[in-house]
């Protein structure tokens, strides 16, 4: 059963946030705030005066964003995270560095800057400008209320391909070993003793082979690691490194996968129903939600648009509050979130949200 707890509010984001932040039930409630505010001088989303992004100066725009995220800070749990997808702007032949300046301002009001993630859009439309490179990425600012936000790396771990000569093909199942067949403690102690007592002039011929080390730890040296696809003999270290006698002589990867990098390659997609060209791909939001929250947690998007963050929250059993200035967006968001709750989304969208990180998951 998917989550049915959602609330979509109409109004200016700052005014709505100021109101709900006065409620003791709302303070420290949301474990994740994820949003993409209107970009500076990018487009008009409607006819209302005072729409964010239409300020006369970039400094005024940034100050308005800071006011919004100041209120957001009151609503975050102590281990809560803030993710902001935000674009830059060229003016007078130079970039205004909007994401960077916003990040600095948010740290000045008490946020902890955790990471700037590059959202690489491999299907970005090429520019016809003679002086500007095609903009093929956007920045995702990752900040937190406290020093140690709740994070769960496991749902977003990735499989590697370092030894497959650039190929992205998964090795055949019979070539992959998922766990040790059992350690040979006596062999391990003998190997450690030889390696840790070796001298700089000790010949490698007098050391255990990488094959012997792998077998001692219960791994076939010719089989491949399910995380990095290296053969297990590549995980073996034959000689201690420098003076670090504690250096592991066999270091298999985490079988659940490796930590993803801070460049996320995710294509832009047309929103289901062809409502608009979505700023938020479902798989981008799903990655953030899985990384920073658990089932049952509350999520807030103060610039909800057509409701992608709400759709993902519903599918992943999180509770959701969205805010938007325009009534038509409120209607569309409610409809889209309800469709997610009622399992009426296209299968393609569901696959992007509830996807396994590896085709090999069933074998772990």
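Any read-out appearing in this document is the output of simple, stated calculations on the displayed coordinates, not a laboratory observation. Just so it is clear, the structure is predicted and the values come from calculations on it, not from any experiment. Every residue, glycine as well, gets a Cβ built from its backbone with ideal geometry; the counts of neighbours run over all protein chains shown.
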TODO: In a Gaussian network model over the chain where Cα atoms closer than 10 Å are linked, find which of 231, 74, 25 has the largest mean-square fluctuation.
DONE: 25
- [ ] State, as an integer percentage, the relative contact order of the chain based on alpha-carbon contacts under 8 Å between residues 6 or more apart.
- [x] 23
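Let me have the 222 nm mean residue ellipticity of the chain computed from DSSP H runs of 4+ only, each contributing -39500 (n - 2.57), with the sum over all residues rounded to the nearest 500.
Counting only the DSSP helices, I get -8000 deg cm²/dmol.
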Task: Gaussian network model of the chain, springs between alpha carbon atoms under 10 Å - residue of 134, 293, 70 with greatest fluctuation - done: 134
Open item on the list: Compute the helix-to-body angle for 185-196: its Cα long axis versus the longest principal axis of the chain, expressed 0 to 90° and rounded to tens.
Closed with: 90
Task: Label-point separation in nm, residue 348 to residue 327, each point 7 Å along Cα→Cβ - done: 3.3
Open item on the list: Connecting C-alpha atoms closer than 10 Å in a GNM of the chain, tell me which of 281, 221, 208 has the biggest fluctuation.
Closed with: 208
Open item on the list: On C-alpha positions alone, give me the angle between the axis of helix 58-75 and the longest principal axis of the chain, in degrees, nearest 10.
Closed with: 70
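Can you put 23, 81, 36 in order, fewest other beta carbons within 10 Å first? All intermediate terms of the calculation are to be shown ahead of the outcome.
Values: 23 10, 81 26, 36 22.
Ascending Cβ contact count within 10 Å gives the list 23, 36, 81.
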TODO: Compute from the Cα atoms of the stretch 60-159 the Rg and the Dmax, the latter being the longest Cα-Cα distance, and quote both in angstrom.
DONE: 15.9, 47
Open item on the list: Test of understanding: ordering 227, 237 by Cβ neighbours within 10 Å, fewest first, what list do you get?
Closed with: 237, 227
TODO: Would you mind ranking 326, 217 by Cβ crowding within 10 Å, fewest neighbours first?
DONE: 326, 217
Task: Principal-axis tilt of helix 327-341 within the chain, Cα atoms, nearest 10 degrees - done: 40
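Please find the FRET efficiency linking residue 154 to residue 212, where r is the Cβ-Cβ separation and R0 is fixed at 35 Å, and quote it to the nearest 0.05. Before the final figure, lay out each step's value.
Numbers: r = 32 Å, r/R0 = 0.92.
Once rounded, the FRET efficiency stands at 0.60.
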Task: Paramagnetic label zone (point 7 Å from Cα along Cα-to-C-beta, residue 127; backbone N under 18 Å) in the stretch 56-88 - done: 86-88
TODO: Provide the descending list of Cα extents for the chain along its principal axes, expressed in whole angstroms.
DONE: 79, 49, 47
